[in-house]
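Read through the structure below, which is laid out as structure tokens, and then see the notes.
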Amino acid sequence: MNKKIALLFPGQGSQYPGMGRELAEKYPPVGNIFREADQRLGFELSKIIFEGPEETLRKTEYTQLAIFVTSLAIWEIVKQRIPLSENNLYAAGHSLGEYSALAVAGAFSLKDGLELVRARGEYIARASAKNPGGLTAILGLEKEKVMELCEKVKMETGQTCEPVNFNTPKQIVVAGTEKSLATLAVKAREYGARKTVRLNVSGPFHSSLMNMASELMAEKLKDFTFSPLKFPVITNCDAGIVRDSAEVKEKLIQQINHPVRWTETIEICGREGVEIFLEIGPKNVLSGLVSQIDRTRTVYNIENEKTLAAAIEVLT
């Protein structure tokens, strides 16, 4: 396969009970990743992933680990069954998915990834408890309008209101306090938004309300050494192309309290000559976003036997 391919990895919100189970039961390399994760974590994360219940899987302390492990497990069979040249690969992940992207690019092992993802979840939970809030998705408004709207809400309420996920040109997620998000929902309609959706999350992720979590991650990573990258990773906080692992530490620190620049990430892939996107992990949320950003690119998601077979048929 000589075409340039970008590997995409989903973040929190894509989880569901049973994800990865079909592939784990059929392919030993996939099952081995789940077993290793269970062993290293000291509890049966795989049981929560495969059986739920959904309420347990939705808890941040399990969700982030579950999506990370499932994505890496699926990658094990993808790299065996689809001929991919490292010289033609890029990787990117949405929010938590950035850890999956870095792991498959060789920045750290499953063992170290589990430790970092576990710490990230804990730090975000602590920051969310200290600075409660949430996320609201705004549909139908462009970036400039959303930024103007957030500034107006911030001035009116005196509280945090920040765009934090630039998912597509007209799907932007805003973080804030309960008061600011309630005001945002009303004023968004006045600005012409097609719809606002309050997201079912436990905190104001990727905003300045996460500064404490970012500081804790900086301390955690202080003595951590990242391995050389096998292929470039495009990072959330600046949509920058990272080829040197020395840059990874600062990017992961910034990622926690800076916006996810997903639209720019996909656009940069296009400018780099990427023709095919492979979403590896539960659901196909990122595939949908890519299609809204750039309809000229081919997108496949791989999460089960059916989608794996479809990708193999086209790409081999």
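Values quoted throughout were computed directly from the atomic coordinates according to the rules given, and no laboratory measurement underlies them. Note that this is a predicted model, so its numbers are computed, not measured. We place every Cβ from the backbone using ideal geometry, glycine too, and count neighbours over all the protein chains shown.
One table, with the values for the structure above:
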| read-out | value |
| --- | --- |
| Packing rank of 278-285, 134-141, where each peptide gets the mean count of other beta carbons within 10 Å, highest leading | 278-285, 134-141 |
| Relative packing of peptides 157-166, 304-313 - highest average C-beta neighbours within 10 Å first | 157-166, 304-313 |
| Net lengthening on full extension, residue 211/residue 119 (0.36 nm per residue, minus Cα-Cα) | 31.6 nm |
| Pairs of lysines in region 190-275 (C-alpha under 29 Å apart; 8 or more residues apart or interchain) | 8 |
| Helix-only [θ]222 nm of the chain, DSSP H runs n ≥ 4, -39500 (n - 2.57) each, per residue, nearest 500 | -15500 deg cm²/dmol |
| From the coordinates shown, volume of the Cα convex hull per residue in Å³ corresponds to which of [x] 241; [y] 138; [z] 121 | [z] |
| Packing-based ranking, highest mean first, of 26-32, 70-76, 190-196 given that Cβ atoms within 10 Å are counted | 70-76, 26-32, 190-196 |
| For the chain, built as a Gaussian network whose Cα springs stay under 10 Å, the top-fluctuating residue of 117, 197, 69 | 197 |
| Given 170/306; 26/47; 59/152, the pairs whose alpha carbons are separated by over 24 Å | 170/306; 59/152 |
| Amide H partners (placed H, <5 Å) of residue 302, local residues excluded | 279, 280, 281 |
| Unit charges at the beta carbon, dipole of the chain: most positive-side option, 310, 291, 72 | 291 |
| Largest-first principal axis extents of the Cα set of region 133-202 (Å) | 26, 24, 16 |
